[in-house]
1. Could you list, ordered by first residue, the pairs with Cβ atoms under 8 Å in which the first is in region 146-168 and more than 19 Å from GLU178 (Cα to Cα) and in contact (Cβ under 8 Å) with a residue 24 or more places away in the chain and the second is in a helix (DSSP H, G or I) and of a type in the set (Asp, Glu), at least 6 apart or interchain?
2. If the requirement is being surrounded by 17 or more Cβ atoms within 10 Å (Cβ to Cβ) and either at pLDDT below 75 or aromatic (Phe, Trp, Tyr) (or both), which of these qualifies: VAL205, VAL218?
3. Just one of VAL39, VAL57, VAL44 is out of contact with any His (no Cβ under 8 Å at 6 or more places or on another chain) and buried (at least 17 other Cβ atoms within 10 Å of the Cβ); which is it?
4. Quick check, is ALA113 touching a Lys or Arg at 6+ places or on another chain (Cβ under 9 Å) and aliphatic (A, V, I, L, M)?
5. Which count do you get for residues in region 39-87 that are of a type in the set (Asp, Glu) and over 13 Å from the mean Cα position of the chain (by Cα)?
Amino acid sequence: MAAEDRSQGASQGLLDRPDLSEPAALLATGLGKRYGSVVALDGVALTVGPGELVGLVGANGAGKSTLVKIACGLVRPTTGTATIYGHPAGSREARQHLGYLAELFRFPGWCTASEVLALHQRLAGSAGGPDERAELLKLVDLSDIANRRVEGMSKGMQQRLGIAQALVGDPKLLLLDEPTSALDPSGRRAIRGLLLQLRERGIAVLLNSHLLGEVERVWS
């Protein structure tokens, strides 16, 4: 996990120095989580600055997804705290600042790419409408298949669509859980390029992966 996660010994990588003029995009302090006798997190300390790209690396089962779910408000920590731009993780204010792509996700096969984004606009309360959908599909290089059904997309296309839905509502922090683990080399390259574009747009990204080589390539 993070450098101060004493239980698992995974590592984090940093790209840009954080902007100290505003609160951290994600701040975890003394974060712990137990499931009965199983310790998933133990004293994790992690900071993701505004506009910063951070890689969270560790073996499967190291607790990476648990940390991300705590940041999203989907799981309550046993000890410690997590905040998103100064707001408690899980609060309405915190959720307004973040976008999330789970490791295992599935969109309805009968929906088109545009319909998936329209649904998530409604869920997120985004008033971006067709312009936002068109911009996001262009960003992830799916403009040409806006009307293609999910069931007719490759895994790489679905993964890029997943990132597009996470960007609905213009979040300032993006949490990506294993975004390249099920992709072929071409798909992984596309996701890496997209991550760099997000950084250039000033979006903070926490990239969670068990593939150290993939995370290293983002910084190469």
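1. Note: pairs meeting the criteria are VAL168/GLU132.
2. Working: VAL205 fails: either at pLDDT below 75 or aromatic (Phe, Trp, Tyr) (or both).
Being surrounded by 17 or more Cβ atoms within 10 Å (Cβ to Cβ) and either at pLDDT below 75 or aromatic (Phe, Trp, Tyr) (or both) holds for just one of VAL205, VAL218, which is VAL218.
3. Numbers: VAL39 fails: buried (at least 17 other Cβ atoms within 10 Å of the Cβ); VAL57 fails: out of contact with any His (no Cβ under 8 Å at 6 or more places or on another chain).
Sole residue among the options that is out of contact with any His (no Cβ under 8 Å at 6 or more places or on another chain) and buried (at least 17 other Cβ atoms within 10 Å of the Cβ): VAL44.
4. Details: touching a Lys or Arg at 6+ places or on another chain (Cβ under 9 Å): yes; aliphatic (A, V, I, L, M): yes.
Yes.
5. So in region 39-87, the residues of a type in the set (Asp, Glu) come out as 42, 52.
From what's left, over 13 Å from the mean Cα position of the chain (by Cα): 42.
Qualifying residue count, region 39-87: 1.
The values are calculated or read from the model by the stated rules, or taken from the named source; none is laboratory data. Here the structure is a predicted model, which is why all the values come from computation and not from measurement. Note that each Cβ is placed from the backbone with ideal geometry, even for glycine, and that neighbours are counted across all protein chains shown.
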